[in-house]
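Undergrad: The structure's right below; bear with me while I get my questions together.
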Amino acid sequence: MHANLTAHIPATRERLVPDLMVVPADAPGFGDDEILSPGILLVAEVVSPSSRRQDRETKNRAYAQGGVAFYLLIDKFADPPAVTLYSQPADDGYYHQQSASAGQPSRLPDPLGVKLDTAKLLA
């Protein structure tokens, strides 16, 4: 898990710095502090007032185009606040999404296999 690496999206040449990135040890790098997006297992973004559009739309599209397997969006500013896991990336976005409100169960599928405490994430 990393909080200071850049996701390099080869398809668009974008370079994005997620709030959290989960990569296998053998993920392909691009320079010293960048990981090629097809090797990234999960990126997570925590929406702030200034990043709403970027996290909900721009980064969502870019990570999908880059082949990032899972995109976790923690959005206290949604109505209602929600934790959303996007999966099945394609060129036009993620084909699947699963949302959970505060207190609802949310589990990241294998190979992550983690149960998230949405109440704490959205507090």
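Undergrad: Give me the pairs, please: first residue somewhere in the stretch 91-106 and within 21 Å of E57 (Cβ to Cβ) and touching a residue at least 60 places away in the same chain (Cβ under 8 Å), second residue anywhere and surrounded by 14 or more Cβ atoms within 10 Å (Cβ to Cβ) and of a type outside the set (K, R), beta-carbon distance under 9 Å, and either six or more positions apart or on two chains.
TA: D91/A64; D91/Q65
Undergrad: Quick one: which residue in L72, L85 is touching a Leu at 6+ places or on another chain (Cβ under 9 Å), closer than 16 Å to A7 by Cα and among the hydrophobic types (A, V, I, L, M, F, W, C)? Before the answer, list the steps.
TA: On the way: L85 fails: closer than 16 Å to A7 by Cα.
Checking each option against the conditions leaves just L72.
Undergrad: Can you find a residue in the stretch 90-100 that is crowded, with 17+ Cβ neighbours inside 10 Å and either part of a helix (DSSP H, G or I) or touching a Gly at 6+ places or on another chain (Cβ under 8 Å) (or both)?
TA: No, the conditions are met nowhere in the stretch 90-100.
Undergrad: Next up: When you look at A123, is it surrounded by 14 or more Cβ atoms within 10 Å (Cβ to Cβ) and in a loop (DSSP other than H, G, I, E, B), yes or no?
TA: Values: surrounded by 14 or more Cβ atoms within 10 Å (Cβ to Cβ): no; in a loop (DSSP other than H, G, I, E, B): yes.
Answer is no for this residue.
Undergrad: So is V43 surrounded by 15 or more Cβ atoms within 10 Å (Cβ to Cβ) and at pLDDT below 95 or not? Please lay out each step first, then the result.
TA: Values: surrounded by 15 or more Cβ atoms within 10 Å (Cβ to Cβ): yes; at pLDDT below 95: no.
Criteria not met by V43.
The values are calculated or read from the model by the stated rules, or taken from the named source; none is laboratory data. Fair warning: this is a prediction, and the values are worked out from it, not measured in the lab. Positions of Cβ are generated from backbone atoms using ideal geometry, with glycine treated the same way; all protein chains shown enter the neighbour counts.
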